[in-house]
Amino acid sequence: MNATQYVRPKDVAEALAVLGAHTPDAQVIAGGTDLLPVMRKSRFENGDGDDARGLVLVDVGRLDELTGIREEGGFLHVGGAATMAAIEASPLLKQKAAVLADAARSVGSPLVRNRATVGGNLATASPSADTAPALLALDAVVTVAGASGERQVPIADFFRGYRATALEAADVIRDISIPVPSPAASGAFRKVGLRTADAISVVCVAAVLEMDGDTCSSARVALGAVAPVPLRALAVEEALTGRRVDVAAARDAAKRVHAHISPIDDVRASAEYRRWVAESVVARTILQAAGIEDD
Amino acid sequence: MELYAIELRLNGQPRKASVTVADTLLDVLRTQLGAHDVKNGCGQGDCGACTVLLDGRAVNSCLTLAVQADGSEVTTLRGLGTPEDPHPLQEAFVRHGAIQCGFCTSGMVLAAKSFLDDHPEPTRDEIREGISGNLCRCTGYTKIVDAIEEAAHVNAGGRS
């Protein structure tokens, strides 16, 4: 991946025009925290490659229309180029979608979070992207701007395979909309990494439960780093819905996670460890969301 | 490869550079702008030695393209304070012996500055998280955390 041109468009319309004119040799950049290591590795392996086809980088990181975080019409809107730092510090998100603020705070280091954006976290589609399970548990919708206008992609349809998404080559993630959770809803995000901070997830889990007293009236539970894509654990959700939530019920529901996950061995952990820890973290995340002390 | 003329303010001074798309802010600060107080460590966002303040917020200059910093304010350690007029964080690092080999110090102090701007009254655990993007292989971090904690108290006392 060798970049030779850089464009900082003045708005999304201009970004789309530039992307369209240079497809397939155009690449959206915002924070660059995932893209620059890829460019650097390519440079080491292939040299500067003056004769190679170069990419046109289209920088959407500073566009005001992509960086806002606001509530409107029953939705929380997070701009595609909102930084992780802005999301973790947002009073609106901390109050109404804390699971996303917590997930953003667990991404990389504070230095990375000052640059990295939520749109980038989704577009690179790493299976271990921490904001993905949070957005799955919040039932978010991704608004994508492209050559033929805007379209809405439910987050559950966004990830199409390992590092593959519903994005076309010349698309920009404009906005992520989250239905404002009901006052009865509460969420939790938990992550296991190889250290407490600045770690890539071995397993991450987000849960949003609606509780009616002790009983769970609806549940969304999602995981990252245990399959080619971040995903919802529907069998876990079904096992919780309509049930009284206690430690035994959470552990029982968490056993159903194995129907959904297919972890691999990698540098961070073995598949076997991931299966064990995924079940445990699912149970703990459910209990944390339900406000129940684990024993 | 095409060259881009960029302008930025480095420690308050207007500066110009001619850069390729692939040049990182770190490359340009060290090779064209003489900012050798910015250290080149891992080159991929793991160690924090290259930390600078970009428009006031601590970032990895190795993960930022120089062209992306066009029009921005960049602060390096020398912009924070001088030997004659050090920043409270610099004084606290010296007083606590929070510096051994010194390679991480520039990035560590700038990360701490950005962190304290957001967290004026931090706990020790928050400080540890706040410098989690900056590796130190000498000190074991205890004296660094001590120094940042003291600087926070100095700030709370009215100096900043």
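The values are calculated or read from the model by the stated rules, or taken from the named source; none is laboratory data. From a predicted model like this one, the values you see are computed outputs, not experimental measurements. Using ideal geometry, Cβ is built from the backbone for each residue, glycine included, and neighbour counts are taken over all protein chains shown.
Which one of these is within 14 Å of another protein chain (Cβ to nearest Cβ), more than 16 Å from the chain's Cα centre (by Cα) and not aromatic (F, W, Y): B:R95, B:R137, B:R124? Walk me through it before giving the result.
Working: B:R95 fails: within 14 Å of another protein chain (Cβ to nearest Cβ); B:R137 fails: within 14 Å of another protein chain (Cβ to nearest Cβ).
One residue alone meets the criteria, B:R124.
Does at least one position in the range A:73-86 carry a residue that is away from chain B (no Cβ under 14 Å), surrounded by fewer than 16 Cβ atoms within 10 Å (Cβ to Cβ) and modelled with pLDDT of 95 or more?
yes
Residues that are charged (D, E, K, R), more than 23 Å from A:S186 (Cα to Cα) and touching a residue at least 24 places away in the same chain (Cβ under 8 Å), at least 1 per element: which strands (runs of 3 or more DSSP E) completely within the range A:1-120 meet that?
A:55-59
In the range A:124-172, how many residues are part of a loop (DSSP other than H, G, I, E, B), farther than 16 Å from A:V28 by Cβ, of a type in the set (D, E, K, R) and more than 14 Å from the chain's Cα centre (by Cα)?
Residues meeting the conditions: 0.
How many residues are closer than 15 Å to B:A111 by Cβ and not basic (K, R) when one looks only at the range B:27-41?
In the first step, residues of the range B:27-41 are kept if they are closer than 15 Å to B:A111 by Cβ; the result is B:37-39, B:41.
Next, only the ones that are not basic (K, R) stay: B:37-38, B:41.
Number satisfying all stated conditions: 3.
Within the range A:100-147, can you find the residues that are surrounded by 23 or more Cβ atoms within 10 Å (Cβ to Cβ), out of contact with any Lys or Arg (no Cβ under 8 Å at 6 or more places or on another chain) and within 14 Å of chain B (Cβ to nearest Cβ)?
Selection gives A:G108, A:S109, A:P110, A:L111, A:V112, A:R115, A:A116, A:T117, A:G120.
Out of everything in the range A:199-249 that is small (G, A, S) and within 30 Å of B:L135 (Cβ to Cβ), what residue ends up being surrounded by the fewest Cβ atoms within 10 Å (Cβ to Cβ)? Steps first, please.
Going residue by residue through the range A:199-249, those that are small (G, A, S) are A:199, A:201, A:206-207, A:213, A:217-219, A:222, A:224-225, A:227, A:233, A:235, A:239, A:242, A:248-249.
Subset that is within 30 Å of B:L135 (Cβ to Cβ): A:199, A:201, A:206, A:224-225.
Values: A:A199: 18, A:S201: 28, A:A206: 31, A:G224: 27, A:A225: 29.
Restricting to residues being small (G, A, S) and within 30 Å of B:L135 (Cβ to Cβ), the top hit is A:A199.
Every residue in the range B:1-24 that is more than 10 Å from chain A (Cβ to nearest Cβ), surrounded by 14 or more Cβ atoms within 10 Å (Cβ to Cβ) and within 19 Å of B:R57 (Cα to Cα), please.
B:L8, B:R9, B:L10, B:N11
Any idea how many residues of the range B:68-92 are within 14 Å of A:R115 (Cβ to Cβ) and either away from every other protein chain (no Cβ under 14 Å) or in a helix (DSSP H, G or I) (or both)? Give the derivation first.
The initial filter retains those residues of the range B:68-92 that are within 14 Å of A:R115 (Cβ to Cβ), namely B:68-69, B:72, B:74.
Add one more test, that the residue is either away from every other protein chain (no Cβ under 14 Å) or in a helix (DSSP H, G or I) (or both), and what stays is B:68-69.
Residues flagged as within 14 Å of A:R115 (Cβ to Cβ) and either away from every other protein chain (no Cβ under 14 Å) or in a helix (DSSP H, G or I) (or both) within the range B:68-92 amount to 2.
For the range A:144-160, check the following and say yes or no: at least one residue is of a type in the set (V, I, T) and touching a residue at least 60 places away in the same chain (Cβ under 8 Å). Step through it out loud before you land on a result.
Step one: list which residues in the range A:144-160 are of a type in the set (V, I, T), which gives A:144, A:153, A:155.
Imposing the further condition that a residue be touching a residue at least 60 places away in the same chain (Cβ under 8 Å) reduces the set to none.
No - not one qualifying residue is present in the range A:144-160.
Would you check which residues across the range A:181-197 are in a loop (DSSP other than H, G, I, E, B) and either in contact with a helix residue (DSSP H, G or I) (Cβ under 6 Å, 6 or more places away or on another chain) or over 21 Å from A:K94 (Cβ atoms) (or both) and list them?
Within the range A:181-197, the first condition is being in a loop (DSSP other than H, G, I, E, B), and the residues that meet it are A:181-184, A:193-197.
Residues satisfying the conditions are A:G193, A:L194, A:R195, A:A197.
Out of the residues in the range B:49-65 that are assigned to a helix (DSSP H, G or I) and not polar (S, T, N, Q), which is farthest from the other protein chains (Cβ to nearest Cβ)?
Taking the range B:49-65 first, the residues assigned to a helix (DSSP H, G or I) are B:61-63.
With the extra rule that they be not polar (S, T, N, Q), the set shrinks to B:62-63.
Working: B:C62: 7, B:L63: 5 Å.
The selected residue is B:C62.
Here are the criteria: (1) touching a Phe, Trp or Tyr at 6+ places or on another chain (Cβ under 8 Å); (2) within 25 Å of A:P9 (Cβ to Cβ); (3) touching a residue at least 40 places away in the same chain (Cβ under 8 Å); (4) not in a loop (DSSP other than H, G, I, E, B). Tell me which single one B:S18 does not satisfy.
So B:S18 meets the others, but not (3).
Going through the range A:239-295 one residue at a time, which ones are closer than 16 Å to A:V203 by Cβ and assigned to a loop (DSSP other than H, G, I, E, B)?
Once the filter is applied, which keeps residues that are closer than 16 Å to A:V203 by Cβ and assigned to a loop (DSSP other than H, G, I, E, B), the range A:239-295 yields A:H260, A:I261, A:S262, A:P263, A:I264, A:D265, A:D266, A:V267, A:R268, A:A269, A:S270.
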